[in-house]
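These notes are about the structure you will find just below.
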Amino acid sequence: MEGKWSIKHSDNYIFHYIKDSLGEKDIENIINIQEQCNKHISKVLKVSMKGKIKYFLCNSREEVGVSYGDNEPCSGFSRMPNEIWAVYNEKNKCIGYHEDAHIISYNTLGVPESTFIREGLAMYFDRVWFGIDNNFWVHEYLKRNKYVSITDLINNKEFSKYSDILTYPIAGAFTEYLISLFGIERFKGFYVQLSSLRNIGFEKNFKEVFQQSVEEVEEKFKSYILSIRPNDAIEKEIVQYISNF
């Protein structure tokens, strides 16, 4: 596999790309984007990851799926300890914050058992889903009775039952709310606790760190979200996406 890759180093990455691909053509721009993402994630989390991230730019979702191992087409994924695999073509440029947030947080803070909190932190840095603010997605889910309770989504089996278009924006918006309300240090303490031998379960850890129950904070979160209204054009776009579920 290694033989097909051209390689270029930057401060925090080892980029792998295929000769004569769009990834090769845009490699300097990709490096600039990912280095900025890395710098921002590290500054916000106040961490410094040791070693470089190996970043593989694939031509298609099918190639990424083969690399993942299940042969299911996929836009991107991260693999411990330091690999990111991502599609980069004219239609789908899967670069940016998401997978980098996973790898950096896993290597510096730990790997929580909870899918909700792992994806929540990555989506906090992404800020958007299909270019639309996470908060606007959740607003429409609440408005149209499609919202799924966080007390359900913190269960990994429940989380996996629903489409990413539903779970990821909710996780990202709730994480943003927690950080804005309680600060990054308390959120990091919660994240680390979920990653450690001190993990006593999501809800008990949550109450210990934030001094409120998940249910109490979620009710305030929903009230906050309903105070944020997307404009008509964005609302219409969201409705088109979610009309099938």
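Structural remarks
- Test: residue in segment 99-118 that is over 19 Å from PHE187 (Cβ atoms) and either in contact with a helix residue (DSSP H, G or I) (Cβ under 7 Å, 6 or more places away or on another chain) or part of a helix (DSSP H, G or I) (or both): yes
- Only listed residue being part of a loop (DSSP other than H, G, I, E, B), on the phi < 0 side of the Ramachandran plot and either among the basic types (Lys, Arg) or open to solvent by less than 40 Å² (accessible area, probe 1.4 Å) (or both), chosen from PRO230, PRO169: PRO230
- You will find that of SER10, SER48, the residue that is under 26 Å from TYR124 (Cβ atoms) and open to solvent by 50 Å² or more (accessible area, probe 1.4 Å) is SER48 and no other.
- Test: residue in segment 64-87 that is of a type in the set (Ser, Thr, Tyr), in contact (Cβ under 8 Å) with a residue 40 or more places away in the chain, outside any helix (DSSP H, G or I) and surrounded by 13 or more Cβ atoms within 10 Å (Cβ to Cβ): no
- Consider segment 115-150 and keep the residues that are closer than 11 Å to ILE170 by Cα and among the polar types (S, T, N, Q). The one that is surrounded by the most Cβ atoms within 10 Å (Cβ to Cβ) is ASN134.
The values are calculated or read from the model by the stated rules, or taken from the named source; none is laboratory data. Since the model is a prediction, treat every value here as computed from it, not as a measurement. When we count neighbours, we look across all protein chains shown, and the Cβ atoms used for this are built from the backbone with ideal geometry, even at glycine. In case anyone asks, the SASA skips ligands and DNA or RNA and just uses the protein heavy atoms, side chains included. Shrake-Rupley method; radii C 1.70, N 1.55, O 1.52, S 1.80 Å.
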